[in-house]
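Enquirer: Take this structure first; my questions come after.
The values are calculated or read from the model by the stated rules, or taken from the named source; none is laboratory data. All figures in this text were calculated on a predicted structure; none of them were measured in a lab. Quick reminder, even Gly has a Cβ in these numbers, built from the backbone with ideal geometry, and neighbours come from all protein chains shown.
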Amino acid sequence: MTSSREWRRYFEQNANSLLEIPWHLGAELTAEETAAIARSLKEFQAGESSEGKHLFRYAEQYAERSGDHEYLAAIRLFIKEEQRHGRDLGRFLTINGIAPVGTTLTDRVFRKLRNLFGGLETSIAVLITAEIIAKVYYLVIRQATDSVILRTLCDQILRDELRHVQYQSQQLARLRQDRGMLGNAATVLFQRALCFGATMIVALTHRRAIRRGGLSFHDWWRSCWAEFDEAFAVGSPQPAARPAEALISDQTHARKQHLAVASRSAVAERH
């Protein structure tokens, strides 16, 4: 596994290696695109804007118990990346005349779940579920409009989320490594139940944006579970963090191609 020190260094490097967002292009969304994605994007923007106070407190407790104080430094930088996503998405919404929302029902449910048992493991288990779904969602949103700003934002968020999922899955593996057979079985059941519920909720509440991006319910479902299986693959060690310039992996590129093909197929079927 990648050490907390290596993750801290990665987050520091990534903060200085961001894509250049072409904000100067201004409002780009058409009325049709706005109608299809505005509500959905507002909800995801709200979810990306968490202060992370509870997560950081749990991280402090873990660092004190384990002596891994580099983990605390890394999680602080991770939270800053998530907040950057929220700020950038909020700026995009404002430029296009879409008023951001402070919170949503889905966001409140996820935040409650993260603090359900008051510990780092549960908080990360819920968080990684949202990030797994985000990896599919932002690929869909990228396909849903011709906005250069939004597509660039999605590229940056996807680069970040690719590593976020790896970072959190490794930490969960550390927290769960001494668990017995029954404990592991219960853990897997809990994690799958979270993913099942979240995948269904997002599919239903964001169906218009998902269809706009070219995915059917079946394609959405299959893609989210493929991401889940990759994140929790047994016996498949995650690669060490690489420089930010190389963060879009071949697999991410393949997923983009898959979504493009799915989008063209959906258009062809409609005609």
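Enquirer: Go through segment 55-86 and count every residue that is surrounded by fewer than 16 Cβ atoms within 10 Å (Cβ to Cβ) and outside any helix (DSSP H, G or I).
Expert: The qualifying residues number 1.
Enquirer: Are any residues in segment 87-118 loosely packed, with under 15 Cβ neighbours inside 10 Å and more than 20 Å from residue 207 (Cβ to Cβ), and if so, which ones?
Expert: 87, 94, 97, 99, 102, 103, 108, 112, 116, 117, 118
Enquirer: Kindly evaluate residue 47 against the criterion of being more than 26 Å from residue 171 (Cα to Cα) and of a type in the set (Gly, Ala, Ser).
Expert: no
Enquirer: I'd like to check something: does segment 57-72 contain any residue that is on the phi < 0 side of the Ramachandran plot, in contact (Cβ under 8 Å) with a residue 60 or more places away in the chain and out of contact with any helix residue (DSSP H, G or I) (no Cβ under 6 Å at 6 or more places or on another chain)?
Expert: Checked against the condition, which is being on the phi < 0 side of the Ramachandran plot, in contact (Cβ under 8 Å) with a residue 60 or more places away in the chain and out of contact with any helix residue (DSSP H, G or I) (no Cβ under 6 Å at 6 or more places or on another chain), segment 57-72 yields no hits at all.
Enquirer: Which of the following residues is in a loop (DSSP other than H, G, I, E, B) and either buried (at least 18 other Cβ atoms within 10 Å of the Cβ) or acidic (Asp, Glu) (or both): 41, 18, 29?
Expert: 29 is the lone residue from the list that is in a loop (DSSP other than H, G, I, E, B) and either buried (at least 18 other Cβ atoms within 10 Å of the Cβ) or acidic (Asp, Glu) (or both).
Enquirer: Yes or no: residue 207 surrounded by 11 or more Cβ atoms within 10 Å (Cβ to Cβ), at pLDDT 50 or above, farther than 30 Å from residue 55 by Cβ and within 21 Å of the chain's Cα centre (by Cα)?
Expert: No.
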